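Take a look at the structure below.
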Amino acid sequence: MKTFRVDTYNDVEAALRQNDLKQALYDEGGILMDKVLVTLHGEEHRNRRAVESQLFRRNFFRHYEKDVFPVLLDETLQQFLNSPSIDLKTLGYRIMVHLSLSFAGIDRVDGSVDEADAQHRLLIQLGQAATIGQYKGDRNAILEEISAAINEFTERFFSPSRARREALIRKFKSGEIKEESLPRDILTVLLLNEARLKLPDELLVREVAFFYLAASHTSVHTLVHSANEIFSWYAKESGKAMNLANDLVLLQRFVHESMRLHPSSPEAWRRAIAPIVLKDGTEVAAGDKVVIDLETANCDASIFGPDAALFNPFRNRVSRVSPTGLSFGGGMHVCIGMNLVAGKILKKGEMVDPDNHLFGTIVMILRELLLRGMIPDPDKKAEKIENSERDIWRVFPVVFKHINCESAK
Ligand code: HEM
């Protein structure tokens, strides 16, 4: 069996839309990933996605961005932004754990720091399932850790959240409460559609855990890269960086450009389930693997211009191409959370509708942090993970000029 690579913008876009290419990135992470949305194909995938997309109906993004998100964000900053100097990656995880659990449908039990610590730890332990295929060392120890994490997640967080939702759904079905009173999250949608989906209990747990992972790691990666690009762009003018908090349209352009340059999933992997021909004419036999290089495609100079590899939020755009490039994938698996995290992605020449525009969670988080005077910590160095093929920050120390320990408590 051969492996092929596609890495130009047009070839990648076409490969993502090729229906005879099946998901292959998570083949070895089956302990968590088997039969969750991103690993399904064909009818099974269409059916599950159609059900889960119901969550995004009825103005969900607006409701989330305007009503739910600001409260959650404020709560988390009150609890964890309690020192003028902090690692942005750690703070990003604190924020995203809280947000992603709310979106996935997992309740906080006592809201304590201990509980948040456990949820953060579980996120890291469960997340290993998505990357185990690329891991070179002994996998057995990791598989055991993931299995223990799934059990802990189920007993401590999933089961009580499920029981609460089932009780509410019973009340809704008996007419005691209206549909508007049900939580708006993935677990509730899945439980409401139990008869259609027929998911075994253990798959229900893994599907919800997968949403928790999919929303968190990607967003933290994007948050830290975006902050770094903003500070680098305004290198000696930290005041101007902070002013972005008052110009959300411009801040969103910075975030979208950073998403293009630093996709949180740099590659998609697929396996051919039938003989196919790629856009460049390459013949692929059934069983062959195709590596779809989103990161390189996002720097295709024929699409993004000669400075494609550089950060430039003011670059000239090609009309049909998203400013975020292909960072959210394409075709059947295109990211379901794209508008939640990136807001409304404007077409070239499209004007912002001031009453209805959505900015996405990363802009909302950065706004709050910049308003509190966030700048890179002048005394501590930001570092990337060494010896990694991937472009990931290990720590990104920042200081907050406008908070002190007392006011943040
Ligand atoms: C900057 C943040 C994010 C990036 C860059 C990102 C990127 C991606 C990419 C590239 C895919 C396609 C994977 C493939 O084709 O194999 C994907 C799928 C997915 N993403 Fe995201 N994602 C982000 C945030 C989120 C959030 C916030 C959520 C949760 C609401 C989410 C949920 C999902 C799900 C459920 C899928 C699978 C969709 C399917 O298979 O039909 N993602 N994401």
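Here are a few things to note about the model shown:
- When +1 charges are put on Lys and Arg Cβ atoms and -1 charges on Asp and Glu Cβ atoms, the dipole computed for the range 265-409 relative to its Cα centre reaches about 300 debye.
- Spatial extent of the range 1-116: Rg and Dmax, with the Cα atoms as the point set, Å: 19.4, 54
- Considering only PHE210, LEU294, GLY343, the residue lying farthest towards the positive end of the dipole of the range 3-408 is GLY343, judged by Cα position with unit charges set on Cβ.
- Charges were assigned to the Cβ only: +1 to each Lys and Arg, -1 to each Asp and Glu. The resulting dipole of the chain about its Cα centre is roughly 860 debye.
- Each 20 Å bin from 0 upward holds the following percent of the Cα-Cα pairs of the chain: 25, 59, 15, 0.
- Computed over the chain, the per-residue total of -39500 (n - 2.57) for DSSP H runs of n ≥ 4 gives a 222 nm mean residue ellipticity of -14500 deg cm²/dmol, rounded to 500.
- Within-15-Å neighbourhood charge of ILE150 [Cβ basis; K, R +1; D, E -1]: -3
- Here is the list for the range 181-244: trypsin sites (Lys or Arg not before Pro) lying in DSSP coil, each with at most 10 other C-beta atoms within 10 angstrom of its C-beta, are LYS198, LYS236.
- Multiplying the residue separation of SER112 and ASN243 by 0.36 nm and removing their Cα-Cα distance gives an extension gain of 43.8 nm.
- The chain - percent relative contact order, Cα under 8 Å, separation 6 or more: 27 percent
- In order along the range 254-270, the phi-based Karplus estimate (6.51 cos²θ - 1.76 cosθ + 1.60, θ = phi - 60°) of 3J(HN,Hα) comes to 4, 5, 4, 5, 5, 4, 4, 6, 10, x, 6, 10, x, 9, 10, 10, 9 Hz; Gly and Pro are listed as x.
- Low-density loop positions, GluC sites (Glu not before Pro), the range 275-358 - DSSP coil, at most 13 other Cβ in 10 Å: GLU350
- Highest-fluctuation residue, ILE273, ILE336, ILE186 considered, GNM on the chain with Cα pairs under 10 Å: ILE273
- Furthest towards positive pole of dipole, SER388, PRO306, PHE400, structure part the chain, Cβ charges: PRO306
- Amide H contacts of LYS384 (H built 1.01 Å from N, under 5 Å, at least 5 apart or other chain): ARG394
- Vicinal HN-Hα couplings computed from phi for the range 161-175 (Karplus, 6.51 cos²θ - 1.76 cosθ + 1.60; Hz; Gly/Pro x): 5, 5, 4, 4, 5, 4, 5, 5, 5, 4, 5, 5, 5, 8, x
- Environment charge at VAL284 (Cβ cut-off 10 Å; Lys +1, Arg +1, Asp -1, Glu -1): +1
- Loop sites here are chymotrypsin sites (Phe, Trp or Tyr not before Pro) outside DSSP states H, G, I, E and B with no more than 12 other Cβ atoms within 10 Å. The longest part of the chain free of them is 136-313.
- Given charges at Cβ of Lys, Arg, Asp, Glu: the range 277-377 dipole, positive-most of GLY373, GLY325, HIS357: HIS357
- Net charge over other residues, Cβ less than 13 angstrom from the Cβ of LEU101 (K, R count +1; D, E count -1): -1
- Dipole magnitude of the range 287-356 about its Cα centre (Cβ charges: Lys, Arg +1; Asp, Glu -1), debye to nearest 20: 140 debye
- On the beta carbon distance between MET351 and ALA235, with R0 = 35 Å, the FRET formula returns roughly 0.70.
- Taking SER327, SER319, SER238 in turn, the Gaussian network model of the chain (Cα-Cα springs below 10 Å) assigns the largest fluctuation to SER319.
- Our coupling estimate for the range 185-190, obtained by passing each phi through the Karplus curve with A = 6.51, B = -1.76, C = 1.60 and θ = phi - 60°, is 8, 5, 4, 4, 4, 5 Hz, Gly and Pro reported as x.
- Residue with peak Gaussian network fluctuation, the chain [Cα springs, cutoff 10 Å], from ALA195, ALA130, ALA24: ALA195
- The distance separating the Cα centre of the range 16-76 from that of the range 158-178 comes to 22 Å.
Here, each number is a calculation from the coordinates, and none is a lab measurement. Just so it is clear, the model here is predicted, and its values are computed rather than measured. Neighbour counts run over all protein chains shown; Cβ positions are idealised from the backbone, glycine included.
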